[in-house]
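Following: one structure in structure tokens, then a few remarks.
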Amino acid sequence: MDTPLLLFSTGKIGRLTLKNRLLMAPMVRNYADERGHMTPRYLAHLQRIACGGVGAMILEASYVSRDGRGFRNELGLHDDSVIPGLRQAAELLHAEDVRLGIQLFHAGRQTSIQVTGEQPVAPSAMPCPLMNELPRALSLAEIRNLVDAFGAAAARVQTAGLDFMEIHAAHGYLITQFLSPFSNRRTDGYGGSVEHRRRFLDEVISAVRARVGKDFPVTVRLSADEMVPGGLTPADTVELAAWLETRGIAAIHVSAGNYASYTRGYMIPPMAIEDAPLVKYAALIRERVKIPVIAVGKLRTPELAEAVLANGQADFIALGRELLADPDWPRKAQSAAADTIHKCIACNQGCISRLFDQRDVWCTVNPECGREREFAEHMRARKPYKLLIVGGGPAGMEAARYAAGAGLQVILCEAQAQLGGQLRAAGAAPYRPGWHQLQEDLQSSLQRLGVEVRLNTRVDRKYVEREKPFALIVASGAQPVRPQIPGVNDMYVFTARDVLEGHSTAVGSVLVAGGGCSGAQTAEYLARAGHTVTLIEAEGDIAADAPLDDRTLLIGRLRALKVNILSHTRLLSIENQVVHVAVDGENTQMAFDTVVLCLGARSENKLEHDVLGLVPHVFTVGDAVRPRKVTEAVTEGALAGLGVAKDSSREAATLVASA
Ligand SMILES: Cc1cc2nc3c(=O)[nH]c(=O)nc-3n(C[C@H](O)[C@H](O)[C@H](O)COP(=O)(O)O)c2cc1C
Ligand code: SF4
């Protein structure tokens, strides 16, 4: 693609001029400290993104008072002690010619006592269907205090030298809870009519303006469609946006959904949702207002983002996960190198799933995300020492990418005829194109970096003895479990991996044993191929290990495909295509033409022990340690590649001498 012209034209948000039309979307990272302060880790991360060429960055939802904290290590704006850290961020970003904003936020009922230490508060005492904790209804005095807290937070933003701020009135947090009849059942001046429901936001805007003056750019983020019965609709939000324009708001940032509709997949669209699903809402609002409109949501490529501007659907583009995956997205787009962008694959494994578990944010396709300082250290190998990597799955390929990038001579051995490991089966399942994309990206990196790939190659102690590597990385993954039950080796019993990779072909009616995420996806794959499918799971929940939104969408599709789902059902034995199972402890039998096993995996790491004393440095990574998710495999692989590169740059001589 040629350089996208509109994306790289200057643009104005209020009095602020941005060097281009790209903003970083607000994303809580859980990188702040427990007092809500900026940390060195967070600063390094922000600076790395700023270097990639984005025009402005909106820092995450930052709580204006302690009872509004949504995540344990979220940024705060609740007292003056946060100012120095924010000032440092502003100075760093200004040096890169990037404008900085921040979200003013209160979680309301969409948080937990475990995070805030107290019962959540809300307009009305109604629990959020996802959090399921009963909040306390705010008194009038408490509402006044919260309005003041927003004003005081705004003053801190200005004092810290930031360029703009965004009021977070989206995603079902406190301000939306007031705006929406879905969560606001008050009968006083803050509930009922549209005017009453927006009164809290009105007072927040007045309090902010009173503290920062009338020219300081303030944007508002809205959920155009709450996607819940009785919630805010696009028609409601268009009118709200028009009113916000009259209240002096500088731009409207258009997202969608709240926690109750999170699993529909529009707030943070997963792999199974199409690209750019929210642009239509931005376009609707843009037709009604004259102030700039910011579009967001799975705008993964420069072509797509440019088209949104060219079609007049928005004025600015916010990139969220795209910048976690590749901070250089803007720079690469501008230099017509869009094909080298590491695209976010919308797996949601490293980022939002970890955040919802109250852990720090990673990125599956970019192990450097949140580890910028570690990866920035100089790590050129002193000589092209030989690194042998065993296993060409995500962990092995990522280790090879980092080590080869640092100048090591990398040999990657794979027992199968193809690279990819678990990515091959994962990407074959319906709605999972991202896994094949990751596989292709990794493979082309290895090719570019000159990694020697040896396929169909099993490595044992003798092989390692012959190769005499400086270091060995064992990334041999895990093999599907075949339980020790009668009939498990019959000719019509396959593993899910064999089926998805095309090594075995199911016929007729199929029983899929094992209802984890992989089992459920295999059932979907088979049902779409026209088989009658029954999925059994020994425990209660199907796909319990999948991200929340993926799980709900997947179960919905299984139902639509009429897959027969049986929970609490354990496989006992197989005999001439008759399957014996225990349903809630009661034995029964069913007939199937094919049985597909998806009962977990067992690590394969024998080599680690076999080479004891032979190689100075041995790392075992990914599923070879313990079967887990791709995000962990990739991260461990990258860290091992980095570790070997560092050792080779420091102590290689000693290590080789001792070999
Ligand atoms: C880890 C993570 C944290 C997020 N935190 C926020 C937040 O603090 N405030 C907000 O308005 N949206 C938040 N979002 C939503 C993003 O701003 C964005 O709207 C969404 O990810 C879709 O855009 P994308 O496809 O470019 O990532 C978050 C998303 C992710 C993945
Ligand atoms: S973890 Fe997955 S969804 Fe999240 S930013 Fe990285 S690639 Fe995208």
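The values are calculated or read from the model by the stated rules, or taken from the named source; none is laboratory data. These figures come from a predicted structure and were not determined experimentally. Cβ placement follows ideal geometry from the backbone for every residue including glycine, while neighbour counts extend to all protein chains displayed. When the accessible area is computed, the model is the full protein with side chains, heavy atoms only, and any ligands, DNA or RNA have been set aside. Shrake-Rupley method; radii C 1.70, N 1.55, O 1.52, S 1.80 Å.
Would you calculate a helix-derived [θ] at 222 nm for the chain, using -39,500 (n - 2.57) for each DSSP H run of n ≥ 4 and dividing by the full residue count, to the nearest 500?
Helix-only estimate at 222 nm: -10000 deg cm²/dmol.
State, in angstrom, two size descriptors of region 452-569 derived from its alpha carbons: Rg to one decimal place and Dmax to the nearest whole number.
18.4, 55
Using all Cα-Cα distances in region 153-208, what percent lands in each 10 angstrom bin from 0 up to the longest?
25, 44, 23, 9, 0
What net charge do the residues around Q158 carry, taking every other residue with its C-beta under 12 Å from that of Q158, with Lys and Arg at +1 and Asp and Glu at -1?
+2
Can you run phi through the Karplus equation (6.51, -1.76, 1.60; θ = phi - 60°) for region 277-284 and list ³J(HN,Hα) in whole Hz, with x for Gly and Pro?
Taking θ as phi minus 60°, the curve returns x, 9, 4, 4, 6, 4, 4, 4 Hz for region 277-284.
Could you tell me the calculated FRET efficiency between D339 and Q479, based on Cβ-Cβ distance and R0 = 41 angstrom, to the nearest 0.05?
For R0 = 41 Å, the calculated efficiency reads 0.70.
Please list 530-537, 324-331 highest first by mean number of surrounding beta-carbon atoms within 10 Å per residue.
Going from most to least packed, we get 324-331, 530-537.
Report the GluC sites (Glu not before Pro) located in region 254-359 that are in a DSSP loop and have at most 15 other Cβ atoms inside 10 Å of their Cβ, or state none. Don't jump to the answer; show the numbers that get you there.
On the way: sites: E274, E287, E303, E306, E322; in loops: E274.
Qualifying residues, ordered by number: E274.
I need the calculated FRET efficiency for the pair D97 and N576, taking r as the beta carbon distance and R₀ as 56 Å, to the nearest 0.05. Don't jump to the answer; show the numbers that get you there.
Working: r = 72 Å, r/R0 = 1.29.
Step by step, r from the Cβ atoms, then E = 0.20.
Cut-off 17 Å, label point 7 angstrom out along Cα-to-Cβ of E239: give me the residues of region 181-214 whose amide nitrogen falls inside.
From region 181-214, the list is 181-184, 190-202.
Long-range amide H contacts for S573: which residues qualify at under 5 Å (H placed 1.01 Å from N, peptide plane, sequence gap of 5 or more or a different chain)?
Placed amide hydrogens put H580 under 5 Å from S573.
Computed over the Cα atoms of region 247-366, what is the convex hull's projected area averaged over all directions, in nm²?
8.5
Using the Karplus curve 6.51 cos²θ - 1.76 cosθ + 1.60 with θ = phi - 60°, what ³J(HN,Hα) values do you get for each residue of region 397-414, in whole Hz, with x for Gly and Pro?
These are the phi-based 3J(HN,Hα) values: 5, 5, 4, 5, 4, 5, 5, 5, x, 8, x, 7, 8, 10, 10, 10, 9, 10 Hz.
Which value, in debye to the nearest 20, describes the size of the charge dipole of region 115-233 about its Cα centre when Lys and Arg Cβ atoms bear +1, Asp and Glu Cβ atoms bear -1, and nothing else is charged?
200
Normalised by the residues of region 157-239, what does the relative contact order come to in percent, with Cα pairs under 8 Å and at least six apart?
RCO, region 157-239: 35 percent.
What Kirkwood hydrodynamic radius, in Å, does region 530-610 give when the mean of 1/r is taken over all pairs of distinct Cα atoms and then inverted?
Averaging 1/r across every pair of different Cα atoms and inverting gives 14.8 Å.
Dipole of the chain, Cα-centred, from +1 at each Lys and Arg C-beta and -1 at each Asp and Glu C-beta, to the nearest 20 debye?
920
Go through S206, L222, I175 and say which Cα lies farthest out towards the positive end of the charge dipole of region 133-230; charges sit on Cβ, +1 for Lys and Arg, -1 for Asp and Glu.
Projecting each Cα onto the dipole axis, the largest value belongs to S206.
By how many nm would the segment from D33 to F356 lengthen if fully extended, with 0.36 nm per residue of separation less the alpha-carbon distance?
Gain on extension, D33 to F356, equals 114.6 nm.
From Cα pairs below 8 angstrom and at least 6 apart in sequence, can you work out the relative contact order of the chain, rounded to a whole percent? Can you show the working numbers first?
Details: 1530 pairs, mean separation 76.3, N = 659.
In percent, rounded to a whole number, it is 12.
Can you give the accessible area per residue of region 256-318, in Å², using a 1.4 Å probe?
32
Report, to two decimal places, the Cα Rg of the chain normalised by 2.2 N^0.38 Å (N = number of residues).
On the way: Rg = 26.7 Å, N = 659, 2.2 N^0.38 = 25.9 Å.
Scaled against compact globular proteins, the figure is 1.03.
Taking amide hydrogens as modeled 1.01 Å from N in the peptide plane, which residues meet the under 5 Å criterion relative to A601, leaving out close sequence neighbours?
V481
What residue among L232, G622, A399 has its Cα farthest toward the positive end of the dipole of the chain, where the charges are +1 on Lys, Arg and -1 on Asp, Glu, each on the Cβ?
Going by the Cα projections, it comes out as A399.
Explain nothing, just the number: dipole magnitude of region 153-206 about its Cα centre with +1 on each Lys and Arg Cβ and -1 on each Asp and Glu Cβ, in debye rounded to the nearest 20. All intermediate terms of the calculation are to be shown ahead of the outcome.
Details: 6 positive and 6 negative charges, 46 e Å.
In debye, rounded to 20, region 153-206 gives about 220.
In region 362-436, which GluC sites (Glu not before Pro) fall in coil by DSSP and have 15 or fewer other Cβ atoms within 10 Å?
E377
Taking +1 at the Cβ of each Lys and Arg and -1 at the Cβ of each Asp and Glu, which of L309, W329, M267 sits farthest along the dipole of region 264-329 towards its positive end, judged by Cα position relative to the Cα centre?
It is M267, whose Cα lies furthest towards the positive end.
How far is the Cα center of region 514-547 from the Cα center of region 18-49, in Å?
For region 514-547 versus region 18-49, the Cα centre distance is 38 Å.
Which whole-Hz ³J(HN,Hα) couplings does region 46-52 yield from phi under the Karplus relation 6.51 cos²θ - 1.76 cosθ + 1.60, θ = phi - 60°, glycine and proline marked x?
For region 46-52, the Karplus curve yields 5, 5, 4, 5, 4, 5, x Hz.
Using mean Cβ contacts within 10 Å as the protection proxy, how do 400-411, 424-435 order, highest first?
Working: 400-411: 24.2, 424-435: 19.9.
Sorting 400-411, 424-435 by mean packing, highest first, produces 400-411, 424-435.
Return, for the Cα atoms of region 1-118, the radius of gyration and Dmax in Å, separated by a comma.
Reported Rg and Dmax, both Å: 15.6, 54.
Using alpha carbons only, what's the Rg to Rh ratio of region 349-467 with Rh from Kirkwood?
With Rg and the Kirkwood Rh in hand, the quotient comes to 1.01.
Could you list which residues have their amide H under 5 Å from that of M57, counting only those 5 or more apart in sequence or on another chain, with H placed in the peptide plane?
Result for M57 returns M24, R99, L100, G101.
How charged is the neighbourhood of A527? Take every other residue with its Cβ under 14 Å from the Cβ of A527, and add Lys/Arg as +1 and Asp/Glu as -1. Before the final figure, lay out the partial values.
Working: positive: R528, R557, R559, K562; negative: E524.
After counting each charged neighbour, the total is +3.
So for region 362-454, averaging the separation of alpha carbon pairs under 8 Å that are six or more residues apart and normalising by length, what relative contact order in percent results?
28
Among the trypsin sites (Lys or Arg not before Pro) within region 238-305, which fall in a DSSP loop and have no more than 15 other Cβ atoms within 10 Å of their own Cβ?
R247, K290
How high is the FRET efficiency between R87 and R626 when r is their beta carbon distance and R₀ equals 45 Å, given to the nearest 0.05?
After rounding, the FRET efficiency stands at 0.60.
For N456 and Q158 in one chain, what is 0.36 nm times their gap in residues minus the Cα-Cα distance, to one decimal in nm?
101.2 nm
Please report how far the C-alpha centroid of region 468-497 lies from that of region 144-201, rounded to the nearest whole angstrom.
Measuring centre to centre over Cα atoms gives 54 Å.
Which of the lysines could a cross-linker bridge to K629, judged by Cα under 27 Å and excluding same-chain residues fewer than eight apart?
K298, K343, K606, K646
Could you state the per residue volume, in Å³, of the convex hull enclosing the Cα atoms of region 107-259?
Per residue, the Cα convex hull of region 107-259 comes to 107 Å³.
Could you check what % of the DSSP bridge pairs in the chain are antiparallel, to the nearest 5?
Restricted to the chain, the bridges split so that about 20 percent are antiparallel.
Could you look at the chain and say what percent of its accessible area is carbon and sulfur, using a 1.4 Å probe and all protein chains? Walk me through the numbers on the way to the answer.
Numbers: 12270 of 24990 Å².
The nonpolar share, carbon plus sulfur, comes to 49 percent.
Can you give the extra length, in nm with one decimal, that the chain gains between R185 and N489 once fully stretched, where that is 0.36 nm per residue apart less the Cα-Cα distance?
Additional length available on full extension: 103.4 nm.
Measuring from centroid to centroid over Cα atoms, what is the spacing of region 56-131 and region 346-376 in Å?
19
Order the peptides 253-259, 47-53, 501-507 from the highest to the lowest mean number of other Cβ atoms within 10 Å of their residues.
253-259, 47-53, 501-507
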